[in-house]
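Heads up, the thing below is written out as structure tokens.
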Amino acid sequence: MSSGERPTHNRPDESAALIQEGSASGDNGGKMSRQNPGARAPRRFLPFAVAACSIICACVFGALGTFVARSESMTPAFIGVTVLVAVATLGGWQVLFWRAFRSVQVPMATVKFKLAKILEAQELRPLHMKNGIETAELIGLINKLIETTKSSQKSGSELEFANKVLIRERDRVRHTLDSMGTGVLAVGSDQRLIFANRAAEPFLTLPAKEVAGKWLQECVGDQQLLSFLTEPASNTAGTADRMEISPENAPSSSVFSVTASTIGDDKQRVSGKCVLFQDVTNVKRAESAREEFVNSVAHELRTPLTSIKAYVEMLIDGEATDGDAKREFYNIIYEETDRLNRLIDNLLNISRVEVGTVVVNRTPTRLKKLIEDSASVVESQIAKKQLQFDIDLPDRLPAVEVDKDMMNVVLVNLLGNAVKYTPENGRISISSTSTAEEIVVNVSDTGIGIAEEDAQRVFDKFYRCGGKGNDEVPGSGLGLYITRQIMRLHGGDVTVSSRLAEGTQFSITIPRSAVVTSLGDYEHDR
Amino acid sequence: MIAKTIVVVDDEPHIRHIIGRKLQGAGYDVRTASDGEEGLALLQTVRACLLITDLQMPRMGGFELCAACREDPRIRTLPIILVTGSVVRSADVRAKSEVLGNIYCVSKPFSPRKLLQQVQELVESETPE
């Protein structure tokens with residue numbers, strides 16, 4: 001790294017020192033020291049000057065000695081001068097060697113000491129010292145090494161930080177995907193799994209955390225799903241294939257929609273598949289219920305329509321020759337028209353209840369009068385079958401806040417059923433009892449009764465009891481369903497108890513909270 | 001000449017009455033039952049040349065009755081007219097009928113006149129001269 005690329009977070013003094021020392025001793029350090037020796041240069045060159053003088057003196061002395069030896073005339077003065085010159089020469093050499101030794105030894109010791117301090121403190125700082133020309137390059141190189149190490153350390157910590165961020169983000173994505181109810185699976189083009197979340201585990205033979213990098217064949221047990229996943233991906237990124245599957249280790253009725261979308265890279269090249277497993281059990285159930293409802297409605301509407309059409313056609317064709325036959329045909333057409341009308345009413349009531357648009361218009365209502373009014377609706381049918389009809393109500397039956405029209409539907413449904421399923425000369429009765437929590441109205445008959453298995457389902461939509469006698473009675477299987485819905489809208493309920501061939505009792509319960517404690521305006525409305 | 005027997009199975013008494021009256025008027029011997037179980041029991045006791053059954057009935061429905069017929073060697077090839085008021089499953093009904101074989105679907109509301117024509121065609125084609 002050049003000095004210009006140094007990080008900006010260095011302290012200014014350090015940076016300045018580094019730049020100065022680095023430039024003085026770095027790539028062009030030697031050149032700088034030769035070009036600009038500075039103010040200390042005469043001092044540095046003094047030992048060398050002394051040494052040079054001593055050597056010159058020694059040379060002069062040697063030459064002089066040679067000359068004297070040839071002349072053979074040695075005087076004491078000459079000997080003294082010679083000794084003096086010899087001493088001066090030796091001193092010069094000593095100074096020369098001492099300075100040379102000190103100029104290397106002192107900076108080296110300083111460098112050693114500072115490096116030891118750096119190691120001890122484990123803090124990389126550049127060396128600041130008055131380096132001589134001998135050690136300038138060394139100091140520069142050491143500082144450069146320190147700087148490079150610091151940069152590497154910084155890069156390392158940056159990488160570590162980036163790695164931590166990546167791990168945190170990866171965990172966050174995994175936790176988010178694990179919290180999803182939809183199973184997610186990523187498969188590479190090489191048929192190896194990249195990722196699976198927890199919701200995808202029912203479709204895997206291994207825990208979701210262990211599938212990364214494994215072959216599809218190792219992780220997916222269901223052959224149908226496996227062949228779907230191993231199908232070659234479409235060449236266009238973003239396209240999707242779909243299938244439905246019931247996983248082996250899920251409840252038998254569970255249905256999952258499996259959607260495989262191709263994963264594309266930046267250049268829209270397909271690099272794998274992203275597979276989603278969505279639980280569509282409830283959607284399927286709703287679809288099935290809707291289909292069942294439409295089917296049942298169609299059947300119930302077409303049955304009376306078939307009778308009407310057929311009897312009219314036979315009348316047109318003149319198949320009813322006598323008056324009795326004609327009367328019978330007309331009566332059937334009339335009854336079947338009524339049946340159609342009731343069915344349509346029931347369907348409308350169901351629609352209102354189920355859609356939630358029904359408004360319970362609660363008004364204070366005398367329960368006794370409500371029962372008597374409802375009974376009058378079925379009076380003619382009771383008389384036709386010569387049934388005994390008993391109304392056994394207490395004298396002081398309270399007034400209740402209910403939707404009068406809805407309660408009328410409930411009572412007419414129950415009384416109508418009692419009439420329909422009770423053979424001629426049978427008995428129907430209506431009675432009431434009260435408890436601390438509720439008021440109970442019972443509609444009983446001595447009819448054909450309901451089998452135990454049917455009794456549990458009579459309140460289901462479109463359910464009709466099988467068995468002897470039931471098939472003779474036309475009906476849609478909606479009346480009791482609507483009865484229960486209406487009673488529940490009032491905070492009450494309807495229950496049934498029955499014995500085959502002995503009779504049936506339906507009981508509706510109205511909560512005490514619906515009882516009108518103060519008649520108030522009710523007395524005037526009556 | 002002995003009248004050919006046709007079994008009519010329907011939980012609706014009026015439908016049984018209409019079909020019975022129309023077929024009896026054409027000279028057929030008509031036996032009726034109100035659900036699949038009763039109809040199957042009736043088929044064991046009479047030598048029927050045709051079965052007319054409703055699809056939706058309590059206890060045993062029309063398809064169950066057809067399947068039971070196909071398992072009984074005596075009535076395995078008995079022609080069946082399946083009367084259905086179903087709308088959403090008409091394709092499903094026809095597909096299942098094809099699987100069981102020799103089943104003809106009639107939709108409600110049907111014309112007794114046309115039903116009689118279809119019965120006559122079927123009985124004549126099925127009965128060897």
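The values are calculated or read from the model by the stated rules, or taken from the named source; none is laboratory data. Being a predicted model, the structure only gives us computed values, none of them experimental. All Cβ positions, glycine included, derive from the backbone under ideal geometry; neighbour counts span all protein chains shown.
Test B:Gly25 against the stated conditions and say whether it is crowded, with 21+ Cβ neighbours inside 10 Å, closer than 26 Å to A:Glu335 by Cβ and small (Gly, Ala, Ser). For B:Gly25, the condition - crowded, with 21+ Cβ neighbours inside 10 Å, closer than 26 Å to A:Glu335 by Cβ and small (Gly, Ala, Ser) - is not met. When B:Asp92, B:Asp72 are screened for being away from chain A (no Cβ under 14 Å), more than 14 Å from the chain's Cα centre (by Cα), of a type outside the set (Ser, Thr, Tyr) and farther than 23 Å from A:Arg339 by Cα, only B:Asp72 passes. What residue, among those in the stretch A:433-447 that are part of a loop (DSSP other than H, G, I, E, B) and at pLDDT below 90, is nearest to A:Pro423 (Cα to Cα)? Out of the qualifying residues, it is A:Thr435.
Of the residues making up the stretch A:315-337, those that are within 13 Å of chain B (Cβ to nearest Cβ) and acidic (Asp, Glu) are A:Asp317, A:Glu319, A:Glu328, A:Glu335, A:Glu336.
Scanning the stretch B:1-46 for residues that are away from chain A (no Cβ under 14 Å), free of Cβ contacts under 8 Å to residues at least 60 places away in the same chain and touching an Asp or Glu at 6+ places or on another chain (Cβ under 7 Å) returns B:Ala3, B:Thr5. Residues that are in a helix (DSSP H, G or I) and either under 12 Å from A:Arg362 (Cβ atoms) or touching a Ser or Thr at 6+ places or on another chain (Cβ under 9 Å) (or both) within the stretch A:484-499 comprise A:Met487, A:Leu489, listed in sequence order.
When you check A:Asn361 against the structure, is it surrounded by fewer than 19 Cβ atoms within 10 Å (Cβ to Cβ) and free of Cβ contacts under 8 Å to residues at least 24 places away in the same chain, yes or no? Here the answer is no, as A:Asn361 does not meet what is asked.
Condition check ((1) buried (at least 20 other Cβ atoms within 10 Å of the Cβ); (2) touching a residue at least 60 places away in the same chain (Cβ under 8 Å); (3) touching a Cys at 6+ places or on another chain (Cβ under 6 Å)) across all residues:
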residue	(1), (2), (3)
A:Arg366	no, yes, no
A:Leu370	yes, no, no
A:Asp373	no, no, no
A:Val378	yes, no, no
A:Gln386	no, no, no
A:Arg396	no, no, no
A:Ala399	yes, yes, no
A:Val410	yes, yes, no
A:Asn413	yes, yes, no
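If we scan the stretch A:300-312, do we find a residue that is surrounded by fewer than 17 Cβ atoms within 10 Å (Cβ to Cβ) and either of a type in the set (Gly, Ala, Ser) or closer than 20 Å to A:Pro202 by Cα (or both)? Within the stretch A:300-312 (the criterion being surrounded by fewer than 17 Cβ atoms within 10 Å (Cβ to Cβ) and either of a type in the set (Gly, Ala, Ser) or closer than 20 Å to A:Pro202 by Cα (or both)), the answer is no, since none of the residues qualifies. Residues in the stretch A:159-177 that are more than 21 Å from A:Thr262 (Cα to Cα) and not aliphatic (A, V, I, L, M): A:Glu160, A:Phe161, A:Asn163, A:Lys164, A:Arg168, A:Glu169, A:Arg170, A:Asp171, A:Arg172, A:His175, A:Thr176. So, A:Val312, is that one farther than 30 Å from B:Met57 by Cβ, out of contact with any Gly (no Cβ under 8 Å at 6 or more places or on another chain) and of a type in the set (A, V, I, L, M) or not? Criteria not met by A:Val312.
The rows are residues; the columns are (1) polar (S, T, N, Q); (2) free of Cβ contacts under 8 Å to residues at least 12 places away in the same chain; (3) facing chain B (nearest Cβ under 8 Å).
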| residue | (1), (2), (3) |
| --- | --- |
| A:Val275 | no, no, no |
| A:Ala298 | no, yes, yes |
| A:Ser307 | yes, no, yes |
| A:Glu313 | no, yes, yes |
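Residues in the stretch B:66-110 that are closer than 23 Å to A:Val294 by Cα, polar (S, T, N, Q) and surrounded by 15 or more Cβ atoms within 10 Å (Cβ to Cβ): B:Thr84, B:Ser86, B:Ser97, B:Ser107.
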